[in-house]
């Protein structure tokens with residue numbers, strides 16, 4: 001069973017963090033607070049996160065600089081970042097957010113339902129990716145144990161195929177949900193997940209008896 005996803009909330013104002021927690025609590029995931037860019041980077045050293053909600057205007061290291069550090073680290077570069085800001089300086093400011101690696105850029109005050117829906121998509125993608133990694137690990141076990149234990153290998157292969165089919169079905173439903181959406185970041189992440197699923201399915205089918 002996949003554990004709850006972690007969502008990193010970064011804002012220097014405690015009242016803003018409290019508001020985010022109230023909005024996202026319905027998702028029933030693990031919400032982690034960070035009161036500064038430095039604190040966020042420290043949290044990212046040890047934990048994996050499904051998505052980061054990052055305030056732009058913070059004293060010291062602002063959101064843009066924090067995002068730049070996140071994207072430079074191999075461990076964290078693929079974590080989706082949603083910028084939250086009370087500043088609206090027009091298209092140039094928004095472009096700077098996307099250039100820093102954000103998948104979305106939301107101005108305050110924002111619609112709580114919209115924010116929760118956007119975060120929910122990235123949580124779903126994270127969970128599907130965790131399931132995919134689990135299938136890949138089992139596939140490696142199959143490759144290692146197949147020759148020595150044919151019967152066990154066959155059973156593992158059947159189990160893998162069934163579990164992978166479940167992940168494929170959920171990923172397909174999520175992709176259909178995103179069709180026509182203006183959330184290009186989520187759509188791109190979903191497409192990447194589907195490509196990985198296709199590759200794993202091909203590798204799995206290649207292990208079946210009689211396959212060339």
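All of the numbers you see were taken from the coordinates with simple rules; none came from a lab. The shown structure was predicted, so the numbers you read here are calculated from the model rather than taken from an experiment. Every residue, glycine among them, receives a Cβ derived from its backbone with ideal geometry; neighbour counts consider all protein chains shown.
Some points to look at:
- Remark: the residue 3-residue 19 segment gains 3.3 nm on full extension, using 0.36 nm per residue and subtracting the alpha carbon distance.
- Inter-label distance, residue 202 to residue 74: 2.5 nm, where each label sits 7 Å from its Cα along the C-beta direction.
- Under 15 Å from a label point set 7 Å out along the Cα-to-Cβ vector of residue 48, the amide N atoms of the range 11-30 belong to 30.
- Each peptide in 3-16, 22-35 was scored by the mean count of other Cβ atoms within 10 Å over its residues; highest first, the order is 3-16, 22-35.
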